[in-house]
Amino acid sequence: MELQDLINQLPFDDSMNVKEFLHIDDFFKKNEGLTDEEVISMVKSNNNKPETDPNKGELLEIISKREALGYLDDLVVFFEHSSDVSSDSTELNLLKKLRH
């Protein structure tokens, strides 16, 4: 695999070429680094992209904390009232702790 291929895998919208990558320090010296707005923009643009499951190559849906806690509540209720599935009380207590 070539260096450019590896650079292209970095999580940036606007990837750089090999020459820019190898001389990044010179670039920042000339441009005095990134502004706060540029850093925030880069982080926001990367957070809005769907994640890809590396095992399946499928896009993963990013869910909110509220949704995750709701699903966790559902799991706790499921394991508390399910006679089909054996669950360890320690594991159930761990799920309950994660809710708060």
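The values are calculated or read from the model by the stated rules, or taken from the named source; none is laboratory data. Because the structure is a prediction, the values reported are computed rather than measured. Neighbour counts run over all protein chains shown; Cβ positions are idealised from the backbone, glycine included.
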> Does any residue of segment 49-67 turn out to be hydroxyl-bearing (S, T, Y), over 30 Å from S15 (Cα atoms) and either assigned to a loop (DSSP other than H, G, I, E, B) or modelled with pLDDT of 75 or more (or both)?
Replying inline: no
>> For segment 15-30, which positions are out of contact with any helix residue (DSSP H, G or I) (no Cβ under 6 Å at 6 or more places or on another chain) and either surrounded by 10 or more Cβ atoms within 10 Å (Cβ to Cβ) or modelled with pLDDT of 70 or more (or both)?
In response: M16, N17, K19, E20, L22, H23, I24, D25, D26, F27, F28, K29
>> Quick check on this structure: which one of S45, S41 is hydroxyl-bearing (S, T, Y), at negative phi and modelled with pLDDT of 75 or more?
In response: S41
